[in-house]
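*Asks:* One structure follows; several queries about it will come next.
Throughout, read-outs are computed from the coordinates displayed, never taken from laboratory work. Model, not experiment: these values are computed from the prediction. So basically every Cβ, Gly included, is an ideal-geometry build from the backbone, and we count neighbours across all protein chains shown.
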Amino acid sequence: MSATLPRGIPSRLVAPEAGWTVSADVIVVGSGIAGLTAALRLRQRVDRVLLVTKTVLSEGSTLWAQGGIAAALDEKDSPEEHLRDTLVAGVEVCDVEAVRTLVNEGPARVRELVALGAEFDRDANGEISLTREGGHHRDRIAHAGGDATGREISRALIAALHAVIDDPGIQVIEHALVVDLLQDKDTRVCGVTLHVIGEGEVDGVGAAHARAVVLATGGIGQVWSATTNPSVATGDGVAAALRAGAVIADLEFVQFHPTVLWLGEGSSGQQPLISEAVRGEGAFLVDEDGVRFMQGVHEMADLAPRDVVARAIVDRMALTGTDHVYLDARHLGREFLEARFPSIVARCRELGFDPVTDLLPVAPAQHYASGGVRTDLHGRTTLAGLYACGEVSCTGVHGANRLASNSLLEGLVFASRIADDVAGRLARGELSATTPEPPSGPAALVPAARRTDIQRAMTLGSGAVRSGDGLAQTAKTLAVVAEDGEQAAPGPLSWETSNLLHVGQLLTHVAAMREETRGGHVRSDFPRRDEHWRAHIHAWREPDGSVATSIHPVDPQDLA
């Protein structure tokens, strides 16, 4: 099955010719948990690793993870129970073998983090303290600093990286935006073009060559007006892989976190998240009349999977004519809240809310992309030489809706698998050096000023609740943006805006195809789940710029 977007997807972005070159055995793009894990593990077995990060090492998306990391660490828990909870949250479109890999290898990867120096919160007996979040039937969420798990994991990984930073085998380039992938005559990926806001010789646009490239660029949150993602999450990895011809899977499954602090109409950019762990400790949702509306919606009430809670909030807002509901954590008490959630409490107070005494206004906002660049169990994409891990990837673990706190674990597990696979292939001579072809094919760029138009259109038509008419209007608006005749100046802002456009166009396209409601994909005109759509949607760019799609059913026996 195929379809053509009005203008098609270009093969590359308009950019100056590379003015400098650097080379390595492997390039890792991204400095969150997936990128740092891949780089550290690769360096143990290969000679030269280049780690490229868009800002600085300490500002990857991992930093913002509040809740924790899920793994069956308790003797009363088991990988099989973790697997079952993940499959339920994924609404029958998870790849079971990918989930099995995650839950079986996860505990060992978490213990490796501890060995690296990550300091998780511990109970009175000195054991890692575990809590519960939505969709989990066991306490299996390890956390650090109360609600600063991502920050602590990132700190431990970066500390380990700095321990070998003087090793000439690891080169780190910060403030580097990857523009496009480099490919040889057989379309094998063998490097990237990147723009560096640099000092000295490494500045402007350059080319980095390697025998393999690992994308760990994070999410696509800035495609919408409001998101919990940091400002750097502009879908660069997904867009670059799409332009190069890689298969993108399940892009329509976007998780809107149910409890994002509502700051009033018109607020945009990165919004403050109220972690699901707050509900895990006993907080609950109420409407403007103080009614607890999650009871009766789902057997787990306020701890139902995120898509269920987000949808219930949207329904309640529609019923009451309001633009937010409330989270009530007051009964947990000052001492507990300040000890367990110090960062959340401090941020709320900065913004004029006190969880100890106030109801917290909350509403859903974009949080996590369950889909992305399609990979196998070793992190290999459909393009030779290209790997992906973390939120940029689609391993099949999350299905239609990510189970809470599985994302950090996925980054750990699959980054480790990628490092092992790449190192093994390099040792066997399977990824020999190759020469990139000069960039060719149609190039395009849209002005940076069109970013808000893209975000507004995506929020209105491709947001938390979608419909055929809304998606069609979004597609029309994005087509107008793509045809903007204004000359756009090449640079980070226009490149990011173009990436947002390409991701938004593809997401809107596949969301219009899926005529059902499942997980993070909610269609008001198709409110029920349809067994015909118990399937993955794969999409890719053809050489002529058109987008081809294919549907891959999930065998129900695999989910038994």
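*Asks:* Separation between the Ser23 and Leu460 pseudo-spin-labels, each 7 Å from Cα along Cα→Cβ, expressed in nm?
*Replies:* My value for the distance between the label points is 5.1 nm.
*Asks:* Order these by the 10 Å Cβ neighbour count, fewest first: Glu496, Glu299.
*Replies:* Lowest count first: Glu299, Glu496.
*Asks:* Related question: If I model a spin label as a point 7 Å beyond the Cα along the Cα-Cβ vector, how far apart are those points for Ser524 and Ala443 in nm?
*Replies:* Going from the Ser524 label point to the Ala443 one covers 4.2 nm.
*Asks:* Sort Tyr326, Tyr387, Tyr368 by Cβ crowding within 10 Å, fewest neighbours at the top.
*Replies:* Listed from fewest to most nearby Cβ atoms, that is Tyr326, Tyr368, Tyr387.
*Asks:* Moving on to the next point. Out of all DSSP beta bridges in region 257-364, what portion is antiparallel? Express it as a percent rounded to 5.
*Replies:* That works out to approximately 90 percent antiparallel.
*Asks:* Then there's this: Treat each spin label as a single point 7 Å out from the Cα along the C-beta direction, and report the Arg292 to Leu493 distance in nm.
*Replies:* Computed distance between label sites Arg292 and Leu493 equals 4.9 nm.
*Asks:* Jot down the radius of gyration and Dmax of the chain, Cα atoms only, both in angstrom.
*Replies:* Final numbers for Rg and Dmax: 22.2, 67 Å.
*Asks:* Can you give the % of DSSP beta bridges in the chain that are antiparallel, to the nearest 5?
*Replies:* In the chain, DSSP labels about 65 percent of beta bridges as antiparallel.
*Asks:* Hey, what did region 257-364 get for relative contact order, percent, Cα under 8 Å, at least 6 apart?
*Replies:* About 36 percent, as a whole number.
*Asks:* Something else: Based on other C-beta atoms within 10 Å, arrange Lys476, Lys185, Lys54 from fewest to most.
*Replies:* Lys185, Lys476, Lys54
*Asks:* Then there's this: If a/c stays under 1.5 just call it rounded; otherwise compare a/b with b/c (prolate if a/b is bigger, oblate if not). Do that for region 257-364, with a ≥ b ≥ c from the square roots of the Cα gyration tensor eigenvalues.
*Replies:* Note, shape of region 257-364 comes out oblate.
*Asks:* What value, in deg cm²/dmol to 500, does the helix sum -39500 (n - 2.57) over DSSP H runs of n ≥ 4 give at 222 nm once divided by the residues of the chain?
*Replies:* The helix contribution divided over the chain gives -10000 deg cm²/dmol.
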